[in-house]
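Notes follow once the structure below has been shown.
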């Protein structure tokens, strides 16, 4: 574990150096993300100028939910997103050979070869709105609630990772999988919707089949509604299951990789 931690730190330093080579691009992307998040909050303001609550969530609870979803998304983007999006091209061009020949776990190298430092800046925006919403709601979370909130944030990141890895692994059989990747990226928006706004089979599908409603709703409810007990912990089992299945799926797909020379 210490060896892989050192490797992560080395890759992170490389990513910082790479980003500093293109400072204007870095700043522009931060501005774009900030503007996009601002639009989301403005939409909430417009909606709640006409209604008092949505599926049992008031305005500031909704802002807390959107902020939580944004933090999960940005942490995922910081660690995994760039690497997952590059996998289809690496498979198609044979560049995946470089990861497979290294003396380290192939899935690890494929997943964390590049970090996105700008996502940390953008994630801080969402965190700021979480703090603001908690203040307006008059919340005073305990240390246990904050720890559980952080744990479920990490849990949501790994759910995103497992689903994205499973999708891009299809690139071992098809020429281009970018369409699937961008399609999944649009599904991120579902995590910003209260889970009680969905009913029946649709809610079950986005909870167990494609658990977008698990990603942000449960950590947000820990703060907004004092969620505790088994309702807050069974979602961790979902994350573990999806990560394990996606890892097995990736290792199975590697058998069909033809490399750059064959």
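Would you confirm whether any residue within the range 44-51 is farther than 20 Å from residue 155 by Cα and surrounded by 13 or more Cβ atoms within 10 Å (Cβ to Cβ)?
Yes, that holds for at least one residue.
Is it fair to say residue 223 is in a helix (DSSP H, G or I), surrounded by 13 or more Cβ atoms within 10 Å (Cβ to Cβ) and more than 18 Å from the chain's Cα centre (by Cα)?
So residue 223 fits the description; yes.
List, please: which pairs have Cβ atoms under 7 Å, are six or more places apart or on different chains, and start with a residue in the range 1-24 that is more than 13 Å from residue 116 (Cα to Cα) and end with one that is modelled with pLDDT of 75 or more and outside any helix (DSSP H, G or I)?
From residues that are more than 13 Å from residue 116 (Cα to Cα), the pairs are 7/104.
Listed here are the residues, each with its yes/no results for (1) at pLDDT 90 or above; (2) closer than 20 Å to residue 85 by Cα.
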residue	(1), (2)
153	yes, no
188	no, yes
193	no, no
196	no, no
199	no, no
213	no, no
224	no, no
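Please return the ranges of helices (runs of 4 or more DSSP H) entirely within the range 5-94 where 3 or more residues are within 26 Å of residue 166 (Cβ to Cβ) and modelled with pLDDT of 80 or more. Let's see the steps before the verdict.
Values: elements: 23-47, 59-76, 82-93.
It comes to 59-76, 82-93.
Assess whether residue 34 counts as being at negative phi, surrounded by fewer than 14 Cβ atoms within 10 Å (Cβ to Cβ) and in contact (Cβ under 8 Å) with a residue 60 or more places away in the chain.
Criteria met by residue 34.
Starting from the range 89-112, take each residue that is on the phi > 0 side of the Ramachandran plot and touching a residue at least 60 places away in the same chain (Cβ under 8 Å) and list its partners that are part of a loop (DSSP other than H, G, I, E, B) and surrounded by fewer than 15 Cβ atoms within 10 Å (Cβ to Cβ), counting only C-beta distances under 6 angstrom and pairs at least six apart or across chains.
94/259; 94/260
If you go through the range 173-218, how many residues are closer than 26 Å to residue 37 by Cβ and in a loop (DSSP other than H, G, I, E, B)?
5
Would the range 138-157 turn up any residue that is free of Cβ contacts under 8 Å to residues at least 24 places away in the same chain, surrounded by 18 or more Cβ atoms within 10 Å (Cβ to Cβ) and on the phi < 0 side of the Ramachandran plot?
no
The values are calculated or read from the model by the stated rules, or taken from the named source; none is laboratory data. What you see is a predicted model, and the numbers here were worked out from it, not measured in a lab. Cβ coordinates were reconstructed from backbone atoms using ideal geometry, including for glycine residues, and neighbour counts include every protein chain displayed.
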